[in-house]
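The values are calculated or read from the model by the stated rules, or taken from the named source; none is laboratory data. It should be emphasised that the depicted structure is a prediction, and the values quoted were computed from it without experimental measurement. In this analysis, Cβ positions are derived from the backbone assuming ideal geometry, glycine residues included, and neighbour counts consider all displayed protein chains.
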Amino acid sequence: MIRRTALLSALTLSLLLVACSKDKDESADADETQAQAQAEGGEQVETDIQAEEAPPAPTVDYWKVVGPLVAGDYSGACMRKPDLRKMDATIKVGADGKASSSGMELDFREARKVMLTRQREKDGGYGAMFMFSVDEAKGGDLLLQSAEGSKGSAVINRDDIGLMCSEVGGIDKLSARPLRAVFSGLLGAKTQTVSCLDTTNLLVRRDTDVEIDGDVLKIGGTKFDITGAETEMFTFDDAGRTMSLTLIMPDKQTIGLGYDGAGTLTSVTVFHEQERSYSCEPKREG
C-alpha cells in the first residue's frame with residue numbers, strides 16, 4: 001500500500017512538473033507573441049509617422065537669373081580690412097555665384113538671404129543695391145550698390161577680412177530693368193487665388209484672385225499700375241525656400257507678395273500708411 005501510494009505520488013509529481021513546464025512554455029510563447037506584436041505595431045506606427053511627415057519644402061533656383069545679372073569684375077579704389085590699407089583691387093563675381101578678391105573665395109549660391117532693391121532717384125533714373133549673405137556659420141557677405149552717375153561701390157567680407165571699394169564701374173547694369181520683369185519667371189501661375197480678410201468684418205474671408213499682367217497688378221477688383229513703383233525689393237530667404245516682392249508706390253501704399261519656393265502665393269498685404277486694405281493667405285482646400 002505504501003509502495004502504491006509512493007508510486008502515485010511520484011506519478012502525480014511528474015504530471016505536475018510536466019504541466020508546469022507546459023504552462024511555462026505556453027507563457028513564454030505568449031510573451032514572445034506579444035513582444036513580436038508590439039514590435040510589429042511599433043514598426044507600423046513608425047512607418048505611419050514617416051508616411052505622414054511633410055515632404056521637404058520646395059526651393060527656387062534663383063541663381064539662374066541672379067547669376068548672369070551680377071556676374072562681372074568690379075574694380076575701384078579699395079580699402080582692405082582690418083588694416084585699412086588703400087589699394088586698387090577687383091572683386092570678381094561669376095555667374096556660378098562664386099566670388100573672389102585678394103585671397104578671399106566665397107560661394108554665394110549658398111546664401112541664406114538675398115535682398116535686391118531697385119529704387120527711383122531724384123533725377124528720374126534708378127539705383128540698385130544687391131546684398132548677399134551666406135550662412136552665419138560659414139560667414140561671408142557681398143554688397144553691390146550703385147551711386148549717382150555711372151560709378152558705384154562694392155564690398156566683400158568674410159569674418160574680419162574684407163574689401164571696400166568705391167568708384168566702381170559696371171554696377172549701373174543692376175538697375176537697367178524692373179526687378180518684377182527680371183524675376184517674373186519664378187512667380188508661378190499668372191493668376192492665383194488666395195483667401196483675404198474682409199477689412200470691414202474680420203470674421204469673414206473671401207476668395208480673391210491675384211494676377212500680375214504685364215505692368216498691372218490685380219488684387220480682386222483693385223488694379224495697381226506697378227510701373228509707378230518708387231521702390232521694388234525682391235528677397236530670397238532660407239536658401240530659396242521663400243521669396244517676396246515688395247512695391248512702394250508714390251501714394252505711400254506698400255504692396256507685399258510672399259511666395260514659397262515653388263512660386264505659390266503664401267501672403268498678400270497692401271498697406272496705406274497705417275491702414276491695411278488687403279491681408280491674404282493661401283486658400284484652404286475643402
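With Arg118, Arg180, Arg85 as the choices, which residue is in contact with a strand residue (DSSP E or B) (Cβ under 8 Å, 6 or more places away or on another chain) and over 30 Å from Gly214 (Cα atoms)?
Unique residue meeting the criteria: Arg85.
Among all residue pairs at least 6 apart or on different chains, which show Cβ distances below 9 Å where the first residue, located in segment 170-188, is within 15 Å of Met243 (Cα to Cα) and the second is surrounded by fewer than 17 Cβ atoms within 10 Å (Cβ to Cβ) and among the hydroxyl-bearing types (Ser, Thr, Tyr)?
So the pair list comes out as Gly188/Thr264.
Taking segment 131-168, which residues are out of contact with any Asp or Glu (no Cβ under 6 Å at 6 or more places or on another chain), under 16 Å from Gly76 (Cβ atoms) and at pLDDT below 90?
Ala147, Glu148, Gly149
Let me confirm something: among Ala99, Ala128, Ala95, which residue is under 13 Å from Asp73 (Cβ atoms) and part of a strand (DSSP E or B)?
Being under 13 Å from Asp73 (Cβ atoms) and part of a strand (DSSP E or B) holds for just one of Ala99, Ala128, Ala95, which is Ala99.
Looking at segment 110-130, which of its residues are closer than 19 Å to Val155 by Cβ, modelled with pLDDT under 90 and among the charged types (D, E, K, R)?
Selection gives Glu110, Arg112.
Of the conditions (1) more than 24 Å from Val182 (Cα to Cα); (2) of a type in the set (Val, Ile, Thr); (3) surrounded by fewer than 18 Cβ atoms within 10 Å (Cβ to Cβ), Thr235 clears all except one; give me its number.
All conditions pass for Thr235, except number (1).
Which of the residues belonging to segment 168-214 are under 30 Å from Ser150 (Cβ atoms) and either over 25 Å from the mean Cα position of the chain (by Cα) or assigned to a strand (DSSP E or B) (or both)?
Within segment 168-214, Val168, Gly169, Gly170, Ile171, Asp172, Lys173, Ala176, Gly214 qualify.
Considering Thr231, Thr200, which residue is closer than 20 Å to Gly124 by Cα and among the polar types (S, T, N, Q)?
Answer to the selection: Thr231.
Is it the case, given these coordinates, that Gly97 is under 16 Å from Lys173 (Cβ atoms), at pLDDT below 95 and surrounded by 15 or more Cβ atoms within 10 Å (Cβ to Cβ)?
no
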